[in-house]
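J.: Okay, here's the structure, questions in a sec.
The values are calculated or read from the model by the stated rules, or taken from the named source; none is laboratory data. Remember, predicted model here, so these are calculated numbers, not experimental data. Note that each Cβ is placed from the backbone with ideal geometry, even for glycine, and that neighbours are counted across all protein chains shown. Heads up: the accessible areas ignore ligands, DNA and RNA and are worked out on the full protein's heavy atoms, side chains in. Shrake-Rupley method; radii C 1.70, N 1.55, O 1.52, S 1.80 Å.
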Amino acid sequence: MDIRRLYVVVSVSGASVLALEILGTRILGPFYGVSLFLWSALITVTLAALSVGYLLGGHWADKGATFSRLYALLILAGLWFILIPWIKYPVLLLLEPFGLRVAVLFASVILFFIPLALLGMVSPYALKLKTHNLGEVGRSAGTLYAVSTLASVASALFTGFLLIPNFGVRFLTMSIGLVLIFTGSVGITVHKKSAIGTVAIVLLCAAGFYDFQKISYSSVDRERGLLAIEQSAYAEIRVIEKEGYRYLLIDGGVHSICDTDSSASVYPYVEVMDLPKYFFEEAGDMLLIGLGGGSLVTNYVQNGWTVDAVEIDSVVSRVAFQYFDLDPASFRLFHMDGRQYLTNTNRRYDVLLMDAFGSGAVPFHLATRDYFQLIKTRLKDGGILAINIESVGWKSRIIAALAKTLQQAFAHVMVLPVAEPPDALGNLILLATESNAALVTALEGNNRSIRQKFQENYAQVHAWDNRFFPEINDVPTITDDFNPIELWSESVNYAARKDLHRFFGSAKLSW
């Protein structure tokens, strides 16, 4: 009986470790963005905490291992799990001034180190209880660690593929805490042979589970303007309404803004992404990678273009249909990765719009020479590529590097700035073409008819009149093999999220 109890304990412990590591991206992601730095911080803290737990657990076990103390480790870890949703906000606000890398690392330490260390103590402590002579140490250790690891494998699959998308982060975090407390409490009660205590624990945990479920879903608050929170397999999606505008946030970064009355986009970069249409005599075929709220789809469809869109996250498209008045019958939608779609399709387009880059969240595989060369094969003769990206300043390193990388595939590359002033955070559009005659002529300043087509649109006039060709001598070409774009986008992520937190204020609507 004792052996079976040990297997249950190490299984629950191992499953909780992996679940918390994955949950960490959703707990911190809406505030910091899900980046290489966040994953590195979480992995670092997890391994460091487990190492400390292994060390302390082994020393404590040698001083006199008991089942009651083993169960107490689960209870303490479970209590900390339950505290995480409540202490998260003060911790994030406290660390915000320290910059992205420092803040995300210390937030991970404060929130996750203690419960992970406690769970790390479980395995060596359980090993001490299971081993009765030196001849069985190897077999006992192997069995316990195998059981714990298998539970971790199952937890990783269920947490990422099933639990987070269907139950939410707050509810799941508290539920794991309750499972730990329940397992430890029942273990102690059974060990002490107290049936009354077991019944009381079951009733207490059931009541707590019900209460935490209510708390989990109360975070959607239409009176404050928080219309929806969705957890998908890829990100946390929020829809927020404030001062007559509706915002689509993906992992805490703004991806769409529309007027609540007309549903028209009020994001200036959307108007600048319309410019490629002016370099064709008639409407053609457009491919959009990164759907967002669907404003770009609507704009091109209304002008007679045939539109395909690729969006990896089906929850994003569902939110666009429900909250941003996107008509699903007006275009073809493919739910897959943009690079995967381009690899598999033989269709060619007149215009390809890249709108898959969020504030500091740049999918690295969609910003390389190899990818741009693939795009070139999917554009018709005279086709145009337009890429939307945020930057701190017009002539930042990330803009110059993207321009240099684009030049490896396209003969003509230029930058259209949307942001003002030139050293501020904001959007820039990179245009690239191999042989669009109208665009090349306009770049040389010889085609006034193009300029006249958008003379009444401030965003388009501003972007076109301030177009420039970046200085690219001191930046590398981005490839699948060498890709520092996430490092360069750190300052963008930090600046964007500071502005976002300031804009939405203490209501914490965005995170």
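J.: If you take the alpha carbon radius of gyration of the chain and divide it by 2.2 N^0.38 Å, what ratio comes out, to two decimals? Working shown, then result.
T.: Details: Rg = 26.7 Å, N = 511, 2.2 N^0.38 = 23.5 Å.
Compared with the compact-globule rule of thumb, the chain sits at 1.14.
J.: Continuing with this model, one more query. For the stretch 236-283 and the stretch 385-408, what is the separation of their C-alpha centers, rounded to whole Å?
T.: Spelled out, the Cα-based centre of one part sits 21 Å from the other.
J.: Something else: Using only Cα atoms, tell me the angle between helix 490-504 and the longest principal axis of the chain; keep it within 0 to 90° and round to the nearest 10.
T.: Once rounded, one gets 80 degrees.
J.: Stretch L36-D499 to full length: gain in nm at 0.36 nm per residue minus the Cα-Cα span?
T.: On the way: separation 463, 0.36 × 463 = 166.68 nm, distance 2.13 nm.
Here the answer is 164.5 nm.
J.: Over the stretch 261-388, what portion of Cα pair distances is larger than 17 Å, expressed as a whole percent? Please report the intermediate quantities before stating the final value.
T.: Working: 4504 of 8128 pairs.
Beyond 17 Å sits 55 percent of the P(r) for the stretch 261-388.
J.: Using a 1.4 Å probe and counting only protein heavy atoms, arrange R378, R318 so the residue with the most accessible area comes first. Walk me through the numbers on the way to the answer.
T.: Details: R378 40, R318 105 Å².
Ranking R378, R318 by accessible area, largest first, yields R318, R378.
J.: With +1 assigned to the C-beta of every Lys and Arg and -1 to the C-beta of every Asp and Glu, and no other charges, what is the dipole magnitude of the chain about the Cα centre in debye, to the nearest 20? It would help to have the intermediate numbers written out before the result.
T.: Numbers: 40 positive and 44 negative charges, 448 e Å.
The calculation lands at about 2160 debye.
J.: Now, a different point. Roughly speaking, to the nearest percent, how much of the chain's 1.4 Å accessible area is carbon and sulfur?
T.: Numbers: 12860 of 21950 Å².
It is 59 percent, rounded to a whole number.
J.: Averaged per residue, what accessible surface does the chain expose to a 1.4 Å probe, in Å²?
T.: Values: 21950 Å² over 511 residues.
Per-residue accessible area for the chain comes out at 43 Å².
J.: Once label points are set 7 Å from the Cα along Cα→Cβ at both R139 and I3, what is their separation, rounded to one decimal in nm?
T.: 0.8 nm
J.: Roughly how many nanometres apart are two label points built 7 Å out from the Cα toward the Cβ at Q322 and D423?
T.: 4.4 nm
J.: Something else about it: Could you derive backbone 3J(HN,Hα) for the stretch 57-73 from the dihedral phi with the Karplus parameters 6.51, -1.76 and 1.60 (θ = phi - 60°), listing whole Hz in sequence and x where the residue is Gly or Pro?
T.: Listing the rounded values in order: x, x, 5, 5, 5, 5, 8, x, 7, 9, 5, 4, 5, 4, 5, 4, 4 Hz.
J.: In nanometres, what is the gap between the two model label sites at T306 and F167, each 7 Å from Cα along Cα-to-Cβ?
T.: Distance between the two pseudo-spin positions: 4.7 nm.
J.: Mind putting together the pair-distance distribution for the stretch 1-92? All Cα pairs, 5 Å bins, whole percent per bin, short to long.
T.: The percentages, shortest bin first, are 2, 11, 18, 23, 18, 12, 8, 5, 2, 0.
J.: Ordered by packing density, taken as the mean number of other Cβ atoms within 10 Å over each peptide's residues, highest first, how do 327-339, 255-267 rank? Kindly include the intermediate steps, with their values, before the conclusion.
T.: Numbers: 327-339: 15.5, 255-267: 17.2.
Final packing ranking: 255-267, 327-339.
J.: Read phi for every residue in the stretch 477-482 and hand back ³J(HN,Hα) as whole Hz from Karplus 6.51 cos²θ - 1.76 cosθ + 1.60, θ = phi - 60°, with x for Gly and Pro.
T.: With the stated coefficients, the stretch 477-482 comes to 7, 8, 10, 4, 7, 10 Hz.
J.: If contacts are Cα pairs under 8 angstrom and at least 6 residues apart, what is the relative contact order of the chain in percent?
T.: Worked out over the chain, it gives 14 percent.
J.: Still on this structure: Within 10 Å, count the other beta carbons around each residue, average over each peptide in 155-166, 119-130, 488-499, and list them highest first.
T.: Numbers: 155-166: 16.2, 119-130: 24.4, 488-499: 21.0.
Packing proxy ranking, top to bottom: 119-130, 488-499, 155-166.
J.: Using modelled amide H (1.01 Å from N, peptide plane; none on Pro or chain starts), what sits under 5 Å from the amide H of E236, excluding residues fewer than 5 places away?
T.: Long-range HN contacts for E236: D251.
J.: Once the dipole of the chain is set up with Lys and Arg at +1 and Asp and Glu at -1 on Cβ about the Cα centre, which of I43, F334, A442 lies farthest towards its positive end?
T.: I43
J.: Can you give the extra length, in nm with one decimal, that the chain gains between N473 and R69 once fully stretched, where that is 0.36 nm per residue apart less the Cα-Cα distance? Provide the component values of the computation, followed by the final result.
T.: Values: separation 404, 0.36 × 404 = 145.44 nm, distance 6.32 nm.
Working it through step by step, the gained length comes to 139.1 nm.
J.: Below 8 Å, C-alpha to C-alpha, sequence gap of six or more: please give me the relative contact order for the stretch 371-511 in percent. Before the final figure, lay out the partial values.
T.: Values: 185 pairs, mean separation 39.8, N = 141.
Here the relative contact order equals 28 percent.
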